[in-house]
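The block underneath contains the structure these notes are about, expressed in structure tokens.
The values are calculated or read from the model by the stated rules, or taken from the named source; none is laboratory data. A quick note: this is a predicted structure, and the numbers were derived from the prediction, not measured. Virtual Cβ from ideal backbone geometry, glycine too; neighbours counted across all protein chains shown.
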Amino acid sequence: MNLSYLVQINRLPGNEDVELPMKMSELASGFDLHAAVQEPVVLAPGERKLIPTGIAIAMPGGLEAQIRPRSGLAFKHGITCLNTPGTIDADYRGEIKVLLINLGEDAFAINRNERIAQMVFQTVPEVELEQVHQLDDTIRGAGGFGHTGK
């Protein structure tokens with residue numbers, strides 16, 4: 001069963017030429033986000049910058065938008081997102097911005113309308129936290145980072 005949600009999108013003033021988020025194939029799960037920079041932004045190796053997209057969204061409660069890296073930028077240039085996945089909450093109405101970092105060896109220029117990240121919508125369940133004084137035992141227990149081997 002496919003669920004459908006209506007998400008409103010607002011192209012912010014001065015960004016009429018910036019592409020709206022779009023899926024690049026019929027079955028893609030993510031909508032590519034485009035850079036709304038006024039002039040090219042150069043990311044030196046190791047440098048991070050917040051890149052505007054020129055859009056804001058309104059989505060119903062029970063949804064979140066996750067901002068994720070584009071695999072091609074990561075593989076070809078070492079450009080990825082910090083704080084991945086970034087979460088856009090249903091009650092946020094500000095401009096969506098993408099925190100990019102250059103993990104590559106060369107400087108990378110981000111131009112206006114360049115595809116810089118992808119936005120994937122996910123459902124968020126209602127969760128109620130209950131404080132207890134002890135948790136049930138499991139085979140794993142408190143085994144954490146690397147506890148199962150390499």
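The single condition from (1) β-branched (Val, Ile, Thr); (2) surrounded by fewer than 16 Cβ atoms within 10 Å (Cβ to Cβ); (3) in contact (Cβ under 8 Å) with a residue 40 or more places away in the chain that VAL132 fails is (3). Scanning the range 100-124 for residues that are more than 20 Å from VAL41 (Cβ to Cβ) and in a strand (DSSP E or B) gives VAL120, PHE121, GLN122, THR123. The range 14-67 holds strands (runs of 3 or more DSSP E) entirely within its bounds, and those carrying 1 or more residues that are small (Gly, Ala, Ser) map to 55-58.
When restricted to residues that are among the basic types (Lys, Arg), in a loop (DSSP other than H, G, I, E, B) and within 18 Å of HIS34 (Cβ to Cβ), the range 79-99 contains 0. Applying the criterion of being among the hydroxyl-bearing types (Ser, Thr, Tyr) and under 15 Å from the mean Cα position of the chain (by Cα) to the residues of the range 1-53, the residue that is modelled with the lowest pLDDT is SER29. Would you say ALA74 is surrounded by fewer than 18 Cβ atoms within 10 Å (Cβ to Cβ) and under 16 Å from the mean Cα position of the chain (by Cα)? So ALA74 fits the description; yes.
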